[in-house]
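Enquirer: One structure, pasted below without further comment.
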Amino acid sequence: MGDQRLLRVAQPVSEFGTPSLAELLKDMRDTMAHLDGAGLAAPQIGVDLRVVIFGGKSNPRYPDAPAVPDTVLINPELAPLSDEEESGWEGCLSVPGLRGWVPRWIQLRYSGMDETGRQFERIVDGFHARVVQHECDHLDGVLYPMRVRDFRRFGFVDELSDVEMP
Ligand code: NI
């Protein structure tokens with residue numbers, strides 16, 4: 001956080017199945033695995049492209065979160081299926097050591113391409129919907145602290161223990 005590359009509106013991917021895209025995805029997977037992330041967006045490793053990855057079965061950073069399928073999502077589009085929001089705790093590999101209470105749409109449809117350029121869409125809710133919204137925000141230069149409304153629920157993980165944490 002503070003690196004200006006995290007604040008850009010990232011560029012769409014126009015070529016699929018290329019060695020450079022494969023290399024980017026490998027770098028992103030390695031980074032996410034190394035840091036125990038639930039997801040990662042290309043701008044977080046300094047790459048100005050609309051590429052996110054997310055998923056994973058058990059994650060020590062989010063022990064109670066349900067499994068989300070391992071997904072590569074490129075040039076994503078998100079559409080809420082209702083105005084209903086739900087708040088939950090989020091962290092971010094670009095904002096280490098902190099957590100915040102962030103409102104997100106409960107249910108949404110997302111669409112985009114996989115790494116081969118095949119279009120797909122999903123309707124999701126709950127933690128899956130939260131992760132997608134968090135990662136896709138990175139493509140528009142938005143970090144989760146910008147969405148925190150109650151700053152009494154934003155702070156260092158080690159200090160938040162007396163607030164109800166999941
Ligand atoms: Ni993040």
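Enquirer: Quick one: compute the contact order of the range 4-162, relative version, from alpha carbon pairs under 8 angstrom and 6+ residues apart, as a percent.
Expert: Over the range 4-162, the number comes to 25 percent.
Enquirer: Next up: With +1 on each Lys and Arg Cβ and -1 on each Asp and Glu Cβ, and nothing else charged, work out how big the dipole of the chain is about its Cα centre, in Debye to the nearest 20.
Expert: 120 debye
Enquirer: Amide H of GLN107: which non-local residues (sequence gap of 5 or more, or other chain) have their own amide H closer than 5 Å, using H built in the peptide plane?
Expert: Amide H to amide H, under 5 Å and 5 or more residues apart or across chains, GLN107 pairs with LEU81, SER82.
Enquirer: For the range 101-113, take each phi angle, set θ = phi - 60°, evaluate the Karplus expression 6.51 cos²θ - 1.76 cosθ + 1.60, and give the result in whole Hz per residue in order, putting x for glycine and proline.
Expert: Once rounded to whole Hz, the list reads 9, 10, x, 9, 4, 6, 9, 8, 10, 10, 9, x, 10.
Enquirer: Could I ask something else about it? What is the set of long-range amide H partners of ARG50 at a cut-off below 5 Å, with H atoms built 1.01 Å from backbone N?
Expert: GLN11, VAL13, ASN75
Enquirer: How many Å² of accessible area per residue for the range 4-162, probe 1.4 Å?
Expert: 52 Å²
Enquirer: Hey, any idea what % of the chain's accessible area is carbon plus sulfur with a 1.4 Å probe?
Expert: 50 percent
Enquirer: Next question. What list of ³J(HN,Hα) values in whole Hz, one per residue of the range 130-138 in order, does the Karplus curve 6.51 cos²θ - 1.76 cosθ + 1.60 (θ = phi - 60°) give from phi, with Gly and Pro shown as x?
Expert: Values per residue, Gly and Pro as x: 5, 4, 4, 5, 4, 5, 5, 4, 4 Hz.
Enquirer: For GLY46, what is the net charge nearby, where nearby means another residue's Cβ is under 9 Å from its Cβ and Lys, Arg count +1, Asp, Glu -1?
Expert: With Lys, Arg at +1 and Asp, Glu at -1, the net is -1.
The values are calculated or read from the model by the stated rules, or taken from the named source; none is laboratory data. For clarity, every value in this text was computed on a predicted model and none was experimentally measured. Cβ sites come from the backbone with ideal geometry, for glycine too, and all protein chains shown count toward neighbours. Areas reflect the complete protein model, heavy atoms only, side chains present, ligands, DNA and RNA absent. Shrake-Rupley method; radii C 1.70, N 1.55, O 1.52, S 1.80 Å.
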